[in-house]
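Quick note: the coordinates plus some simple rules give every number you see, no bench work behind them. These figures come from a predicted structure and were not determined experimentally. A quick note on method: Cβ atoms are made from the backbone with ideal geometry, for glycine too, and the neighbour counts reach across all protein chains shown.
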Amino acid sequence: YVLQGTAFQMHAAKEYGTLVRAYEIAGSWVAIDSFADKRPYFFTFLVSLVHDFTGYRLINIFLVNVALTPLFLALVYWLTRTVTGRGPALFAVGLMATLPLLGQNATGAGMELHNLTMIALVAALAVLYLRAPDDDRLVALVLGAVLLSQSRYESVIFVLPTVFVIVLGWLRAGRGLLPWPVVRAPLLLVPYAWHNRVLTATPLHWQLQAGQTSRFSLDYLANNLAGAWAFFFSFTGRLANSWFLSGCGLLGVAWAGVCAWRWSRTAPRLSWSPEVIALTAVATGIVANITLLMFYYW
């Protein structure tokens, strides 16, 4: 409801806010009351653009997620192929497509699939930039990171891995690249800071449970870890999880640890390719994102 209301307000009134009350006055739809939602507004902005082209329809928000699904899977294929090959890339797409949670978001009205697509897009832009650092690729990467920061509350974390990739690109190029769009890009993060300040000053929007007084706390860690384990390895069929993929993920983490240990004992050590560096930086952001969420109220 909130995402739909925000997209409608951006479409009809060209302002950011979630509609609460509106009346038809002399043939015009007049918004009487709205509030600033706690969610970033990039996804609702995309939905409002679809409303602008087709007229307001409830189905539009679902169509946006349907359109994002093949784009996300294509990015998964491309990213996997850059570090492995065609076969593993197809296998990765197949595994991702079997995840019930992906299907739930692909046919739903949430903003999670959009956030995933933006993370994959920024990872792809980071790979392209590190392969051949230049002004155009740097601008694309920076603008992608700015848009990603407006996709979900915690996605601003990915600004830090992006800065790391940018500096590595400078070292590879042997010079600093600072085109004007990159110099001005930090100003594009100011609306995020304003939005977060409004949210911080409005505890009602936090939607805390009884007895909770903070959005982030060490007290939430135990329950969040237990909930995550119950989701990943549930056999009840009542959750949109896949215990098979969770098991494969644990094996993958173990294998990555073995490979890292072997690499550390290799002399001379093999240098990392631009693709591996870029994906490792983004993966670090993902780990930081998940870690932060473990201290968040739910």
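Comparing H11, H51, H205 in a Gaussian network model of the chain where C-alpha atoms under 10 Å apart are linked, the largest mean-square fluctuation is found at H205. The C-alpha atoms of the chain define a longest principal axis, and helix 274-293 lies at about 50 degrees to it. With the charge dipole of the stretch 166-298 set up from +1 on Lys and Arg Cβ and -1 on Asp and Glu Cβ about the Cα centre, the Cα lying farthest toward the positive end among the listed residues L293, A283, N224 is that of A283. As an exercise, use a Förster radius of 51 Å and the Cβ-Cβ distance of V66 and R175 to find the FRET efficiency, rounded to the nearest 0.05. Once rounded, the FRET efficiency stands at 0.70. Between the helical axis of 135-149 and the longest alpha-carbon principal axis of the chain there is an angle of about 50 degrees.
Report the semi-axes of the equivalent ellipsoid for the stretch 62-293 in whole Å, largest first, where each axis is √(5λ) for an eigenvalue λ of the Cα gyration tensor.
29, 26, 19
Among T54, T280, T69, determine the one that fluctuates most according to a GNM of the chain built with springs between C-alpha atoms less than 10 Å apart. Per the Cα network of the chain with a 10 Å cutoff, T54 tops the list. For L75, L225, the sequence from fewest to most other C-beta atoms within 10 Å is L225, L75.
Suppose every K and R has +1 on its Cβ and every D and E has -1 on its Cβ; what is the size of the dipole of the stretch 169-298 about the Cα centre, in Debye to the nearest 20?
Here the size comes out at about 400 debye.
Placing +1 on the Cβ of every Lys and Arg and -1 on the Cβ of every Asp and Glu, with nothing else charged, gives the chain a dipole about its Cα centre of roughly 720 debye. So what's the angle, to the nearest 10 degrees on a 0 to 90 scale, between helix 42-54 and the longest Cα principal axis of the chain? It is inclined by approximately 60 degrees. At 7 Å along the Cα-to-beta-carbon direction for both Y56 and N196, put a label point, then send me their distance in nm to one decimal. Roughly 3.2 nm, to one decimal.
Placing unit charges on the Cβ atoms of the charged side chains and taking the dipole of the chain about its Cα centre, the candidate lying farthest along the positive direction among F233, L19, L68 is F233.
Restricting the stretch 1-95 to chymotrypsin sites (Phe, Trp or Tyr not before Pro) that sit in a DSSP loop and have at most 12 other Cβ atoms within 10 Å of their own Cβ leaves Y1.
Near S34, the amide H atoms lying under 5 Å from its own belong to V20; only residues 5 or more places off or on other chains count, and H is placed 1.01 Å from N.
Is the stretch 2-57 rounded, prolate or oblate when judged by the Cα gyration tensor, a ≥ b ≥ c being the square roots of its eigenvalues, rounded requiring a/c under 1.5 and prolate requiring a/b larger than b/c? The shape class here is oblate.
Springs between Cα atoms under 10 Å define the GNM used for the chain, and in it the highest mean-square fluctuation of I157, I277, I32 occurs at I32. For the stretch 2-57, a simple Cβ point-charge model (Lys and Arg +1, Asp and Glu -1, everything else neutral) yields a dipole of about 140 debye relative to the Cα centre.
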